[in-house]
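The values are calculated or read from the model by the stated rules, or taken from the named source; none is laboratory data. All values derive from a computational prediction rather than experimental measurement. Note that each Cβ is placed from the backbone with ideal geometry, even for glycine, and that neighbours are counted across all protein chains shown.
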Amino acid sequence: MATPAPPFDLTLHIGSSKTGTSSLQGFLNQNRDELLRRGWLYPRSPGATRHRRFGMMLMPDQQLVSHRLWKRGKNDDVAAFRSQTAARLLDEVSTGAGHVLLSDEGLFTARPGAIDRARALFAGRARSVRVVAYLRRQDDHLLSSYQQAVKIGSTVRLSEWAAKDRGRLYDYAARLDAWRTGMRPDAVVVRPFERARFRGGSLYQDFLDAVGVPVEVGDLAVPVDRNESLGAEAVEVLRVINLFRVEEQGMAQWRIDNGPLIPLLAAEAGEPLSLPADRRAAYLAGFEETNRIVAERYLEAADRPLFTAAVKESTEPEHRLDPARLDHYLPLLGLPEAEWAGIRRIAEREVART
């Protein structure tokens with residue numbers, strides 16, 4: 001008779017997105033062997049860095065097959081994908097490590113059925129469960145997520161992006177309560193994504209403290225952070241190029257690969273993306289109540305309110321790209337000269353829009 005696998009303490013880092021998750025996952029990947037030596041397993045089977053396959057495995061069928069990575073992959077059998085991913089993960093976590101840490105920011109918005117599947121997967125295996133979530137103030141998250149969307153092919157303007165209903169994502173109390181109710185963890189640890197409040201001024205040290213790894217960041221390898229944040233002008237340049245790809249080249253947005261362009265644009269100085277003061281204030285007002293609930297329910301009194309960083313404001317209604325600036329950007333980005341005229345036409349059209 002096979003010996004049952006020893007139970008372990010499970011920590012789920014659920015995001016949220018745009019809170020340094022890629023850096024944290026790279027940090028965990030880089031220190032995987034040292035963490036395992038200290039009793040902490042950061043599994044490989046669901047993904048070397050981000051555990052995407054774990055999050056995807058939990059998704060409802062329709063959400064899974066609509067996922068960008070599913071479309072790009074060679075998968076066609078949902079049931080086989082689920083069973084294989086689960087089997088490989090369970091095999092890996094059964095090797096005897098006392099602690100298992102999984103990280104996928106997509107889990108933050110998981111629906112109740114997905115959370116139920118996660119609980120069922122580890123029932124009888126995990127002796128304790130901790131859920132860790134970092135939260136970014138909603139207006140800052142909006143700007144960061146817009147930039148990321150443009151990086152991967154979006155063509156919408158910031159004003160259009162901001163007008164979308166993101167109540168489900170930004171109702172942080174509801175998202176955390178869903179995990180508390182569905183996963184039934186022993187602890188839910190919430191950290192505001194504000195540099196001034198990181199332990200020792202380090203996101204990595206703060207994260208180690210949040211997940212419960214008893215080690216100082218100085219004893220581990222810290223990756224060199226690549227700041228690929230784009231200025232407002234660079235984001236608009238990229239959006240115009242996306243429009244060209246879609247409108248004149250007939251490319252589906254999910255096929256657009258801006259990877260080679262982003263480091264070049266990130267090296268350009270420029271004003272950051274921002275919202276006008278009145279729009280920002282109105283936007284944040286819609287989330288005052290959910291943020292208050294999170295602070296009262298998940299933070300110690302000394303750590304309240306949820307967000308304390310100063311609000312960065314702009315007086316500009318929305319950034320417009322001067323088409324003449326393409327004289328600088330098109331050669332810089334190394335785009336074929338045959339594409340320049342089409343990109344210019346779109347830039348001129350966009351700046352003329354009211």
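Quick one: would you say Ser229 is touching a strand residue (DSSP E or B) at 6+ places or on another chain (Cβ under 9 Å) and small (Gly, Ala, Ser)? When the stated conditions are applied, Ser229 does not pass them.
Looking across segment 136-189, the residues that are more than 30 Å from Val235 (Cα to Cα) and assigned to a helix (DSSP H, G or I) come down to Ala173, Ala174, Leu176, Asp177, Ala178, Trp179, Arg180, Thr181, Gly182, Met183. Scanning segment 283-302 turns up no residue that is loosely packed, with under 13 Cβ neighbours inside 10 Å and either touching a helix residue (DSSP H, G or I) at 6+ places or on another chain (Cβ under 7 Å) or within 18 Å of Leu158 (Cα to Cα) (or both). Give Leu24, Leu36, Leu58 a once-over and let me know the one that is under 15 Å from Val132 (Cβ atoms), of a type in the set (A, V, I, L, M) and in the same structural domain as Val215 (by TED's automatic domain parsing). Checking each option against the conditions leaves just Leu24.
For every residue, the table says whether it meets (1) closer than 30 Å to Ala347 by Cβ; (2) under 20 Å from the mean Cα position of the chain (by Cα).
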site	(1), (2)
Asp225	no, yes
Gly231	yes, yes
Asn258	yes, yes
Ala267	yes, no
Leu275	yes, no
Asp278	yes, no
Gly286	no, no
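Restricting segment 138-179 to residues that are of a type in the set (D, E, K, R), closer than 16 Å to Ile14 by Cα and out of contact with any Phe, Trp or Tyr (no Cβ under 9 Å at 6 or more places or on another chain), the residue that is surrounded by the most Cβ atoms within 10 Å (Cβ to Cβ) is Asp177. The set of residues in segment 181-221 that are aliphatic (A, V, I, L, M) and over 20 Å from the mean Cα position of the chain (by Cα) comprises Met183, Ala187, Ala196, Val213, Val215, Val217, Leu220, Ala221. Considering segment 218-236, and only residues there that are part of a helix (DSSP H, G or I) and in contact with an Asp or Glu (Cβ under 9 Å, 6 or more places away or on another chain), the residue that is surrounded by the fewest Cβ atoms within 10 Å (Cβ to Cβ) turns out to be Asp219. Note on segment 108-137: residues that are in contact with a Ser or Thr (Cβ under 9 Å, 6 or more places away or on another chain) and buried (at least 19 other Cβ atoms within 10 Å of the Cβ) total 10. For segment 36-53, filtered to residues that are under 22 Å from the mean Cα position of the chain (by Cα) and charged (D, E, K, R), the residue that is surrounded by the fewest Cβ atoms within 10 Å (Cβ to Cβ) is Arg44. If only residues of segment 1-15 that are in contact with a helix residue (DSSP H, G or I) (Cβ under 9 Å, 6 or more places away or on another chain) and modelled with pLDDT of 95 or more are counted, the one that is nearest to Ala173 (Cα to Cα) is Ile14.
Matching residues to (1) assigned by TED's automatic domain parsing to the domain that holds Leu102; (2) touching a strand residue (DSSP E or B) at 6+ places or on another chain (Cβ under 7 Å); (3) more than 19 Å from Ser22 (Cα to Cα); (4) among the hydroxyl-bearing types (Ser, Thr, Tyr):
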position	(1), (2), (3), (4)
Arg197	yes, no, yes, no
Gly201	yes, no, no, no
Val224	no, no, no, no
Val246	no, no, yes, no
Pro260	no, no, no, no
Leu265	no, no, yes, no
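Per the listing Thr19, Thr85, Thr49, the residue uniquely out of contact with any strand residue (DSSP E or B) (no Cβ under 8 Å at 6 or more places or on another chain), part of a loop (DSSP other than H, G, I, E, B) and either not small (Gly, Ala, Ser) or not assigned by TED's automatic domain parsing to the domain that holds Asp209 (or both) is Thr49.
Any residue at all in segment 73-96 that is loosely packed, with under 15 Cβ neighbours inside 10 Å, within 30 Å of Arg166 (Cα to Cα) and under 22 Å from the mean Cα position of the chain (by Cα)? Looking through segment 73-96, at least one residue is loosely packed, with under 15 Cβ neighbours inside 10 Å, within 30 Å of Arg166 (Cα to Cα) and under 22 Å from the mean Cα position of the chain (by Cα). Can you confirm whether Leu306 is in contact with a strand residue (DSSP E or B) (Cβ under 8 Å, 6 or more places away or on another chain), surrounded by 14 or more Cβ atoms within 10 Å (Cβ to Cβ) and assigned to a loop (DSSP other than H, G, I, E, B)? Judged against the criteria, Leu306 is a match. Pairing residues of segment 326-337 that are touching a residue at least 12 places away in the same chain (Cβ under 8 Å) with residues that are of a type outside the set (Ser, Thr, Tyr) and in a loop (DSSP other than H, G, I, E, B), at Cβ distances under 6 Å and at least 6 apart in sequence or on separate chains, gives Leu333/Leu261. Within segment 190-206, the set of residues being of a type in the set (D, E, K, R) and part of a helix (DSSP H, G or I) comprises Arg195, Arg197, Arg199, Asp206.
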